[in-house]
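Here is the structure we will look at.
The values are calculated or read from the model by the stated rules, or taken from the named source; none is laboratory data. This is a predicted model, so every value here is computed, not measured. Here the Cβ positions follow ideal geometry from the backbone for every residue, glycine too, while neighbour counts run over all protein chains shown.
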Amino acid sequence: MAGTGAPLLRLAGVRKEFPGVLAVREAALDVRAGEVHALVGENGAGKSTLIRIVTGAHEADGGTVELDGAPVRWSSPLAAAHAGIAAIYQELDLIPALSVRANLFLAREQARLGFIAAAEERRRAREALSRLGVDLDPGVRVGTLEVAQQQLVAIARALMEHPRLLVMDEPTAALASGEVERLFRVIRELRGQGIGVLLVSHRLDEVMAIADRVTVMRDGATLGTWPARDLTRERLVELMVGRPLDQEFPKVRATSGPEVLSVCNLSGGRVSDVSFSVRAGEVLGIAGLVGAGRTDLARLIFGADPPQRGQILLDGRPVVIRTPRDAIRHGICLLTEDRKAEGLVLGLSARDNFALPNLDRWSPWGWIRRRKELSAFERFVASLRIRLAGPGQPARDLSGGNQQKLLLARWLERDSRVLIFDEPTRGIDVGAKHEIYLLINELTARGKAVVMISSELPEVLGMSDRILVMHRGRVAGEIQEAAAATQEQVLEMAVG
Ligand SMILES: Nc1ncnc2c1ncn2[C@@H]1O[C@H](COP(=O)(O)OP(=O)(O)OP(=O)(O)O)[C@@H](O)[C@H]1O
Ligand SMILES: [Mg+2]
């Protein structure tokens, strides 16, 4: 058990280079049986790459990986799985066209042998999901689920493999606090059974709450490992970023102007009868549990889904929004929570992804456009500290957090009047979050109306002026003075 004999997993001198990018320069860490070991670091620090080496998805260029004191070299993720390593990746690897049940059993040998009857499979699928508190029909297609539910399916699948080492790359990024608590309960249970857990997360309060030890990574190298109880949140931030961060939520109140966007009795999808308005210069935070209908609401306003009822007003005048194109023409933009499915074109370069919706803004003469676009792009790369090999690097090869920053830059560049951000800082490191908050301040100072959907309560409380709390598709409450509110107050409304 913990602390005795060889660690379950030991990495030493691990190195991984992609063409033109040294993703992991020198990494060392060990995970003991029965411990939760957190791996933290800024976007692009090399965490996911390191994780993928552990799970056999990447091959290291140097260094050693040991399991139970014996060096291993995986030929494939399947080989690592056979050795008892289960993984949940940052970019979920579920198959959208297949059912939940098919996804849960896909990687499992037993299923292929056909020994388990369909009914038994269904039962075990339900059981695995209910352990995480998910009430889902295993027959539904994964592609129809929300990101959070997909995330929980991926976690359930990993748990079904009964691993000895569970590797999780930002498993809570898409979850709200209720789901996180349930997941943590399961993780603690696993720890009690002597399973080693390696966890990557940008949510530092969660890291402090669940981890026994923490390894910090910076610029492709591990700095060291500390017992979590010896660290404070401030110290951890300092280790990650390389400098102390004085104020986590640098909220500046802008003078609020007239109402820009009003939504009246809007219904559709999971949303029923929602009314609210946002003023120029104001940040309206929208809180709620997963499935409360926050994303559906954003999609209705943006014209991505058709409303059944209700009205949208801009500057007090009703507008008809049937498609996202209509919304964009009216100056409304949406940063989606699902960057892979709806945001980025993974095969295109970072720069072209940035330019996509902006193309009409620039002069039709190609080179002027390209030059302007490039300088705008470079400005954002610098201000958001987007880490990339060059403007031509395909979006696919950026780290998760840097993909998110790229999407954000795309919308910030447009001259929108209403910006709807669905989980704007998901997967983004503390330093860059800070930069994004400063950008939000800048937007409100310029009189933009901002709607910020977020599952991170400290962020909602720290950066909103007003807060709308949703529960089961309806407005469960409104908090007029976000600065004076508490997490408990919001949670109470969120659970109904
Ligand atoms: N397949 C790839 N080809 C080229 N470069 C890559 C590839 N995968 C990752 N990189 C680069 O390696 C570096 C480390 O990426 P990695 O995904 O490991 O970061 P991370 O620490 O997980 O970041 P995040 O917190 O944003 O998820 C980044 O600069 C990234 O662009
Ligand atoms: Mg990552």
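Of note:
- Which listed residue is away from ligand 1 (no atom under 16 Å from the Cβ), outside any loop (DSSP other than H, G, I, E, B) and in contact with a strand residue (DSSP E or B) (Cβ under 6 Å, 6 or more places away or on another chain), from Arg185, Arg191: Arg191
- Among residues of the range 200-221 that are free of Cβ contacts under 8 Å to residues at least 40 places away in the same chain, those with a beta-carbon under 7 Å from a residue that is within 16 Å of ligand 2 (Cβ to nearest atom) and part of a loop (DSSP other than H, G, I, E, B) at least six positions away or on a different chain give the pairs Glu206/Thr172.
- Qualifying residues in the range 18-41 (those that are under 11 Å from Thr222 (Cβ atoms) and of a type in the set (Val, Ile, Thr)) - the one farthest from ligand 1 (Cβ to nearest atom): Val40
- Entirely in the range 380-496, the helices (runs of 4 or more DSSP H) that have 3 or more residues that are in contact with a Lys or Arg (Cβ under 9 Å, 6 or more places away or on another chain) and among the β-branched types (Val, Ile, Thr): 430-445
- Just one of the listed residues (Leu39, Leu11, Leu94) is at pLDDT 95 or above and either part of a loop (DSSP other than H, G, I, E, B) or within 16 Å of ligand 2 (Cβ to nearest atom) (or both), namely Leu39.
- Within the range 43-60, residues that are touching a residue at least 12 places away in the same chain (Cβ under 8 Å) sit with their Cβ atoms under 6 Å from residues that are hydrophobic (A, V, I, L, M, F, W, C) and within 8 Å of ligand 2 (Cβ to nearest atom), at 6+ positions apart or across chains, in these pairs: Lys47/Val200.
- The condition (being assigned to a helix (DSSP H, G or I) and at pLDDT 90 or above) is satisfied by just one residue among Arg112, Arg157: Arg157.
- Restricting the range 42-73 to residues that are part of a loop (DSSP other than H, G, I, E, B) and touching a Pro at 6+ places or on another chain (Cβ under 6 Å), the residue that is farthest from ligand 1 (Cβ to nearest atom): Gly56
- Selection count where residues are more than 13 Å from Leu183 (Cβ to Cβ), of a type in the set (Gly, Ala, Ser) and buried (at least 22 other Cβ atoms within 10 Å of the Cβ), scope the range 140-171: 0
- Meets criteria (small (Gly, Ala, Ser), away from ligand 1 (no atom under 16 Å from the Cβ) and in contact (Cβ under 8 Å) with a residue 12 or more places away in the chain) for Ser375: no
- Top-ranked residue of the range 389-431 - restricted to ones that are of a type in the set (Gly, Ala, Ser) and farther than 23 Å from Leu457 by Cα, ranked as nearest to ligand 1 (Cβ to nearest atom): Ser399
- Wholly within the range 280-326, strands (runs of 3 or more DSSP E) carrying at least 2 residues that are surrounded by 14 or more Cβ atoms within 10 Å (Cβ to Cβ): 283-288, 309-314
- Residue match in the range 61-69 (condition: within 21 Å of the chain's Cα centre (by Cα) and either more than 10 Å from ligand 2 (Cβ to nearest atom) or of a type in the set (Val, Ile, Thr) (or both)): no
- Residues of the range 158-180 classified as away from ligand 2 (no atom under 16 Å from the Cβ) and closer than 20 Å to Leu11 by Cα, total: 4
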